[in-house]
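Below is one structure; the comments refer to it alone.
The values are calculated or read from the model by the stated rules, or taken from the named source; none is laboratory data. Note that this is a predicted model, so its numbers are computed, not measured. When we count neighbours, we look across all protein chains shown, and the Cβ atoms used for this are built from the backbone with ideal geometry, even at glycine. The area values use the complete protein model at the heavy-atom level, side chains included, leaving out ligands, DNA and RNA. Shrake-Rupley method; radii C 1.70, N 1.55, O 1.52, S 1.80 Å.
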Amino acid sequence: AMTVTASIEYPVGTFTRVRFGGLNSGSIPNASMLTSDAACIPGGIPVNTKFYTLIWYSNPGGTVFTITNVNPADGDEIAYGVTTPDMTGGGSITPAATIEFFPAAIIAQTARTTICIDGDSKALGLDDTVPNVTGDAGNLARSIGSTDAYINISAPGDEMQFVVAPNNYTNRLALHAYCNREVVEVGLADLMLGRHTAADLEADYATFLTMVNKDTWVTTFGPYNTSSDRWTTLSGQTANANETQRLSWNADVRAAVAVKKIVGYFELADPIESARNSGLWKVPNYTSDGIHETSNANQSIQVSGVVNTAVFAR
């Protein structure tokens with residue numbers, strides 16, 4: 001368990017204390033979450049306006065493990081140590097780490113449709129650059145954030161076989177209570193690392209949809225390959241040994257037979273693949289590692305309109 005204090009900074013230099021059961025500090029149980037009281041920001045925060053969350057925690061067991069890097073360009077700062085002061089009421093932080101600790105979700109009162117984005121590092125925007133003040137990054141949030149509220153609970157390296165395993169998804173599943181729609185983009189690693197066939201993945205999706213029990217959209221998967229020239233040409237790219245499983249998954253999704261309970265799907269492959277089912281990334285500057293989209297690729301998905309958020313208002 002760890003002790004935590006927090007505040008919201010908006011506008012810059014004005015801090016609203018976050019309270020927990022009326023107290024200035026709370027205790028987060030080990031391997032669990034803590035929900036704060038509602039915080040009232042005087043005047044509210046306008047749509048698409050940047051604000052900051054400031055969090056201080058004390059834990060005798062050490063720092064929180066995370067594989068999400070700090071993004072200084074987005075205003076992220078972190079400091080840690082045995083005597084790090086509580087600066088949630090203001091102060092100057094000298095960034096000293098490449099880890100970060102942030103809210104699992106910021107829950108607001110809204111009349112907008114709210115989407116849970118379940119994905120891996122591609123949906124999280126691992127190789128993306130935060131495009132604007134909204135912070136929307138990745139191959140889904142860039143499109144969804146312009147019209148709807150969302151909680152992006154994507155996790156790098158996630159596989160659907162792990163998501164549906166007993167007790168693996170408890171905390172993230174709890175966040176679905178604050179959403180009324182679901183977009184799932186987990187499973188490419190299952191297929192391309194040879195751990196699942198497309199049929200296996202489809203079975204796991206059926207299990208997952210029973211868990212979340214919401215109107216759900218799934219996605220096709222883009223290329224996953226290697227290159228002899230850093231993806232500057234089509235001829236230098238070599239398809240993954242399990243490419244047939246990706247093609248099978250995409251075909252079933254497009255035919256609306258992959259998961260019987262889905263509402264629809266988003267075509268994430270076509271805007272970044274050289275041609276449908278080619279297994280090759282468009283060039284140049286669509287990927288830097290054969291797995292993740294660059295900012296250019298994510299922008300291509302966004303401007304293509306394949307993630308049509310109008311379908312959420314059903």
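Here are the numbers for the structure shown:
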quantity: Some residue of segment 134-144 being polar (S, T, N, Q), at pLDDT 90 or above and part of a strand (DSSP E or B); calculated: no
quantity: Total residues in segment 246-292, condition polar (S, T, N, Q), more than 24 Å from the chain's Cα centre (by Cα) and more than 23 Å from residue 305 (Cβ to Cβ); calculated: 1
quantity: Selection within segment 223-234 - under 12 Å from residue 281 (Cβ atoms) and of a type in the set (Gly, Ala, Ser); calculated: 227
quantity: Selection within segment 288-308 - assigned to a helix (DSSP H, G or I), closer than 11 Å to residue 222 by Cβ and among the small types (Gly, Ala, Ser); calculated: 297, 300
quantity: Boolean, residue 23 is more than 22 Å from residue 134 (Cα to Cα) and either open to solvent by 70 Å² or more (accessible area, probe 1.4 Å) or among the β-branched types (Val, Ile, Thr) (or both); calculated: yes
quantity: Segment 223-249 residues that are in contact (Cβ under 8 Å) with a residue 60 or more places away in the chain, paired with ones that are assigned to a strand (DSSP E or B) (beta carbon under 7 Å, 6 or more apart); calculated: 223/273; 223/281; 225/237; 225/238; 225/239; 226/238; 227/237
quantity: Unmet criterion (only one of (1) touching a helix residue (DSSP H, G or I) at 6+ places or on another chain (Cβ under 8 Å); (2) in contact (Cβ under 8 Å) with a residue 12 or more places away in the chain) for residue 136; calculated: (2)
quantity: Residue list for segment 198-229, restricted to those being touching a Gly at 6+ places or on another chain (Cβ under 8 Å) and part of a loop (DSSP other than H, G, I, E, B); calculated: 221, 223, 224, 228, 229
quantity: Some residue of segment 73-82 being over 30 Å from residue 286 (Cβ atoms), modelled with pLDDT of 80 or more, exposed (fewer than 14 other Cβ atoms within 10 Å of the Cβ) and hydrophobic (A, V, I, L, M, F, W, C); calculated: yes
quantity: Residue match in segment 28-35 (condition: open to solvent by less than 50 Å² (accessible area, probe 1.4 Å), under 22 Å from residue 91 (Cα atoms) and either modelled with pLDDT of 90 or more or in contact with a helix residue (DSSP H, G or I) (Cβ under 9 Å, 6 or more places away or on another chain) (or both)); calculated: no
quantity: Some residue of segment 155-165 being touching a helix residue (DSSP H, G or I) at 6+ places or on another chain (Cβ under 8 Å) and open to solvent by 80 Å² or more (accessible area, probe 1.4 Å); calculated: no
quantity: Check on residue 174, closer than 30 Å to residue 110 by Cα, part of a helix (DSSP H, G or I) and either modelled with pLDDT under 95 or aliphatic (A, V, I, L, M) (or both); calculated: yes
quantity: Residue 270 being open to solvent by 10 Å² or more (accessible area, probe 1.4 Å), touching a residue at least 60 places away in the same chain (Cβ under 8 Å) and part of a loop (DSSP other than H, G, I, E, B); calculated: no
